[in-house]
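The values are calculated or read from the model by the stated rules, or taken from the named source; none is laboratory data. Because the structure is a prediction, the values reported are computed rather than measured. Counting neighbours? That spans all protein chains shown, and the Cβs are built from the backbone with ideal geometry, glycine included. For the accessible areas, the whole protein counts, side chains as well, though only heavy atoms, and no ligand, DNA or RNA atoms are used. Shrake-Rupley method; radii C 1.70, N 1.55, O 1.52, S 1.80 Å.
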Amino acid sequence: MAKTPVTRIPVTDISVNRQPSASIAVVGSPNSGKSTLFNRLTGLRQRIGNYPGVTVEKHIGTLKTDDQTIELVDLPGTHGLSAHSYEEQIAIDVIFGRMEGTQPPDAILAVVDATNLYQGLYLVQQLLDLERPVVVALTMSDAAETAGVTIDVGALEARLGGTKVCRVVATTGQGIAELRDALVELPGQGAVAPTPAWPELTEAARDLADGAGVPLSVAEIERLIIDGNTGANEHVLECLGPDGPAKVDKYREELFGYDPPLAREARVRYAWVRDVLQEVQQSAPPFYSWRTRLGAFLNRPIPGTIGLFLVMAVVFQAVFAWATPIMDMIDDVTVSLGIAVTAQLGDGALASLVADGVIAGVGSVVIFLPQILILFVFIILLEDSGYLARAAYLMDRAMRSVGLSGQSIIPMISSFACAVPGIMATRVIPNRRDRIATILAAPFMTCSARLPVYALLIAAFVPQRDVGFLNLQGLVLFGLYMFGITGGILTALLIRKTALRGPKQPFALMLPEFRRPNIRTVAIQLLGRARVFLYRAGTVIFAVAVVVWALAYFPRADDIDPLMTENEAAATQLEQSWLGRAGKFVEPAFEPLGWDWRVSSAVIAGFPAREVVVAVLGTVYAVGDDADEATLSERLRSATWPDGRPIFTLPMVIGLLIFYACCLQCAATLAVIRRETNTWRWPVFAWAYMTTIGYVGALLAFQLL
Amino acid sequence: MRIIIIFSILRELLQKQAVMEINGKSLASLKRGQKGIIAAVDATDPQVQRLMTLGLVEGTEVELAGAALGGDPMEFRLFGCGISLRQEQARRFKVASLDSGG
């Protein structure tokens, strides 16, 4: 093998290369095309990090020139410097240098959608008060032209005090080179000093800054005057000295009187924006593109709603139908790998660890990847084209009646494939209470891992009979889906009325124009999300799979008769193992549900990943891996208690189905809930809550039916 | 300064001989395709203040672009950008209507 050249580079060179000479924050509102621009500027030279104690990902890219490396930090979207959501707060904390472990940015790249200068300039205006160098990128300039909007860049630069404004089309790369040059020069430049949009406020802030012991930016003090002490800016107040608070109060009274400060700020700043727009922007009658027409058509209530259901049907179909062949393939590969390893390593503990623990464990993670990736492709495409916001808007009324908001619809529907991407999709929900309620409702949706369990039990115990023109088995499956939906909705309703009761949040959703999704952005985002899933959720599922393997493998049974079939030997081993003992130990708890120790151990083994239960039932009832479902069904039907009563009676099976419809038997989901809520409280609650409901449901079914 | 600008815009509209109705009409009472200019905002509610920071302030021209089933939530366009509001929030914004739309 060739030597890697890395070893020959002196250590000093590496450290020089790794230390960026400056950092530029990429700031813009959520639909400004910020991420597309960021991806265009940095390409694959980016990494995803973490802000300490925060679930929002930190996207860092580098911009390389001959003699320096500039770090670009893509911040979460924000409409202004006054936070109204969790993600906005993070963006603002980074801008003001309050985020632990993140240097305050040396300069700002303000991303403004050329079709929406109105809101964009509001943000730019606030950013200019930071007294740091700023470059403005006007994205989607092509879309602005088609919409009949012409922007006089020179006049805009003049109104912004000489701030450089670059027209770019991030999807085609037009104007990117010029923007890159501007960015490279930016950190060395001084800040511009434009005529303030609100001179009284700026003067007040300057006055307070002069009295402070440490250098403070005008923007920071302006936020203090307008927002008051939010906690995040407490240190600014402390820096102002002993008479600071009194002075701030005095200015608040002078500037706002009885007006709410935020409202006054919006009025003054937007009046300035309208004034600037009149000078720099000309609107011609728009050219009616297919996008505008499509948008107008989908604005009508009935076509819009029908369109939404069609889109959802396609997504749903794709996730199930397209993923199945790939999933079967992964399954085959896993099985044959396991066989190959056993053939190579023999029958020892090591072979079993590798084959049944590691390979089966990794396989159980990877097998979900096709569904998750297909779902993500659709979600990213819908998000990038601007349709996701429209779906939330169309479903808001229905979702509101169950205590959620329109933004909950996508996570809920995603969860029919798998709760993991569904829960990850809740990030679009700005309201924390709605978000947690959606996260708790999502695991109730019938995910693809529940299907094998349902299929096995229904095929074995529900008679193949016609009810009217419907099939009884199909009807039971449909009933289980409806049961899950009802459970999720009731949970959301319950939690919003109790633990997460709170004031109604405004529902202000920006509805962007339809635009063609950008392949680069989709690909980069998809890679990022797949990586996150594999690393974070994958490590947990994998670890748990190895633990379950160990529980089933140890201690070894010593009374295995060499004349036994392989399956009988495996069953004897399982009975001897910790898992089998645990099943016997908890049998009294599950006996009221009609479960014997074998069902109990299968259920315990299924706690990390519910679909495992089918494999374990196969082993405990001594059928073996290669048995098809028909034989397993027969074995289950003929299984009896020691006194000869059948175990799998109809009430017991109905109870077992209810248990599976409710119980949160999925380590990956728990890990994702932990990650997304940033506390163990919610995964523990969800697990206990759903397990209790499942247990009580199964108990009632067995005792009453 | 802001008052001057608002008045200048309102005056301009009057010169266009647009039909002015400030008799308690709100954004929620606009018809699809109809435009209105925000005349007054009740800003005491923090939720309304949030909407104001998104540009829904006095003097801004707003068009009702559409609505979901049942007429709620509603989609408005201001300066080319789309924003959706629930009816109860749209009612907080009083408008002077400009034209009946087409």
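The residues of the protein assembly as shown present an accessible area of 44 Å² per residue when probed at 1.4 Å with all protein chains retained. For region A:438-493, applying the loop criterion from DSSP together with a ceiling of 14 other beta carbons within 10 Å to the chymotrypsin sites (Phe, Trp or Tyr not before Pro) yields A:Phe469. Per-residue mean of foreign Cβ neighbours for A:384-394 is 2 (Cβ atoms of other chains, 10 Å radius). Let a ≥ b ≥ c be the square roots of the eigenvalues of the Cα gyration tensor of region A:199-256; is it rounded (a/c under 1.5), or, if not, prolate (a/b larger than b/c) or oblate? Rounded, because the longest to shortest axis ratio a/c is under 1.5.
Over all residues in A:81-93, what is the mean tally of Cβ atoms on other chains that come within 10 Å of each residue's Cβ?
On the way: counts 1, 3, 0, 6, 1, 0, 0, 0, 0, 0, 0, 0, 0.
That average works out to 1.
With contacts taken as Cα pairs under 8 Å and at least 6 residues apart, chain A reaches a relative contact order of 10 percent. Under 20 Å from the Cα of A:Lys584, which aspartates and glutamates turn up, not counting those fewer than eight places away in the same chain? Counting by Cα, and skipping residues close in sequence, A:Lys584 has these aspartates and glutamates nearby: A:Asp558, A:Asp559, A:Glu568, A:Glu575, A:Asp596, A:Asp643.
Beta-bridge orientation, the protein assembly as shown: approximately 65 percent antiparallel, per DSSP, counting only bridges with both partners inside.
Under the rule that an exposed site lies in a DSSP loop and has at most 13 other Cβ atoms within 10 Å, name the longest stretch of chain A with no trypsin sites (Lys or Arg not before Pro) of that kind, not counting the sites themselves. All intermediate terms of the calculation are to be shown ahead of the outcome.
Working: sites that count: A:Lys3, A:Arg45, A:Arg465, A:Arg501, A:Lys504, A:Arg556.
The reported range is A:46-464.
Taken along the Cα-to-beta-carbon direction at a fixed 7 Å, the label points for A:Val311 and A:Ser283 span 2.5 nm.
As an exercise, use a Förster radius of 25 Å and the Cβ-Cβ distance of A:Lys64 and A:Gln103 to find the FRET efficiency, rounded to the nearest 0.05. Intermediate values should be presented prior to the final figure.
On the way: r = 19 Å, r/R0 = 0.74.
Plugging the Cβ-Cβ distance into 1/(1 + (r/R0)^6) gives 0.85.
Taking Cα atoms, how many degrees apart are the long axis of helix A:650-662 and the longest axis of chain A, rounded to 10 and kept between 0 and 90? The angle comes out near 20 degrees.
Only helical DSSP H runs with n ≥ 4 go in: add -39500 (n - 2.57) per run for chain A, normalise by residue count and round the 222 nm mean residue ellipticity to 500 deg cm²/dmol.
Details: 34 runs with 409 residues, N = 705.
That calculation yields -18000 deg cm²/dmol at 222 nm.
Taking the centroid of alpha carbons for each part, region A:138-168 and region A:475-530 are 36 Å apart.
Given a Förster distance of 35 Å, report the FRET efficiency between A:Ala155 and B:Glu88 from their Cβ-Cβ distance, rounded to the nearest 0.05.
Plugging the Cβ-Cβ distance into 1/(1 + (r/R0)^6) gives 0.30.
Across all Cα atoms of chain A, the radius of gyration (one decimal) and Dmax (whole number) stand at 30.0, 95 Å.
Pairs with C-alpha atoms separated by more than 24 Å, drawn from the list A:Lys64/A:Lys164; B:Lys35/B:Lys94; A:Lys58/A:Lys497; A:Lys34/A:Lys164; A:Lys497/B:Lys31; A:Lys34/A:Lys58, are A:Lys58/A:Lys497; A:Lys497/B:Lys31.
What total accessible area, in Å², is buried where chains B and A meet, using a 1.4 Å probe and rounding to the nearest 100? Intermediate values should be presented prior to the final figure.
Details: alone 6350 and 33210 Å², together 35710 Å².
Using a 1.4 Å probe on protein heavy atoms, the buried area is about 3900 Å².
Each part reduced to its alpha carbon centroid, region A:385-422 and region B:40-102 end up 23 Å apart.
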